[in-house]
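Notes follow once the structure below has been shown.
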Amino acid sequence: MKMLFAAATALVATMTPAMAQDRWDWSGGRPDGPDFSIAGPGLRILYPELRETRRGRAFVMRNFDRNHDHFLTVFEARAANRAFATIAGPDRRGFDWDARDRGYVVDRPGRGGWDRGAMHGYGFRQTARGATMRLDEDVLFATDSDVLRPGAIDKLRPLAAYLRANPGVRVAIDGYTDSRGTDAHNQALSERRAASVRGAFDAMGVTRARFSVAGHGERDPIATNATAAGMRLNRRVEVTLLGRRASEF
């Protein structure tokens, strides 16, 4: 287990700079160019859109093959899947590779900087654990889904920039649902949604080891579940910057 953890830590340390570039490398894999071969244990778990297409294989090899040996580890494949799922959204099969030739931009306002105005706009409030912000379901997900909407990435980018600029800040991500559905369904959905938000930060260059992730199902509502408006408020993900003061933002 210690060896596995060490390998994962080494991978994150090596891959983070590539993921935090201003652009993904979308070049390669076109019909008139060379194809990219992939071997290794990670190949079998790659999304079909990455494994079975020329552009997909090129995306994986140019951004996640840390040793440049065309040998994909499981950790590299999982990182590629997370990044692609964040970029493509729910329609991975219909992903338009040609439209991405100019790259997937990760905002970085200033060298090592972060956007104070955007952070203020999150509306952090002080809680016992730190500075907490709320992300409502309609911003992040479709109903009963754990797949991030394409626009959710834009909402999370300023926070990702802050976290990249402040590597000592640790983060808690907590998912919640309303009271519809069974307890088991709501618990699982809240866990998956919290994990999806962490995956988005991971794809934007924030080391996943900095996050604690939990789902709470329908527990801890912030409004009544007797009205549609109340249920909408309860379907949320909360992000807490542990030990920070809300007044900093």
Using a probe radius of 1.4 Å on heavy atoms only, what accessible surface per residue do you get for region 150-229? Whole Å² is fine.
39
Quick one: length gained pulling residue 185 to residue 35 fully straight, 0.36 nm per residue minus the C-alpha distance?
49.7 nm
Give me the extension gain from residue 245 to residue 154: residue separation times 0.36 nm, minus the current Cα-Cα distance, reported in nm with one decimal.
30.4 nm
In whole Hz, with x marking every Gly and Pro, tabulate ³J(HN,Hα) for region 148-163 from phi via Karplus 6.51 cos²θ - 1.76 cosθ + 1.60, θ = phi - 60°.
5, 5, x, x, 5, 4, 4, 5, 8, 4, x, 5, 4, 4, 4, 5
Projected label distance in nm at residue 142 and residue 228, using a 7 Å step from Cα toward the beta-carbon
1.9
Can you tell me what percent of all Cα-Cα pairs in region 96-249 are more than 18 Å apart?
59
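The values are calculated or read from the model by the stated rules, or taken from the named source; none is laboratory data. Worth saying up front: this structure is predicted, and the values here are computed from it rather than measured. All Cβ positions, even for glycine, are placed from backbone atoms using ideal geometry, and neighbour counts span all protein chains on display. Please note that ligands, DNA and RNA were not included when accessible areas were found on the heavy atoms of the full protein model with its side chains. Shrake-Rupley method; radii C 1.70, N 1.55, O 1.52, S 1.80 Å.
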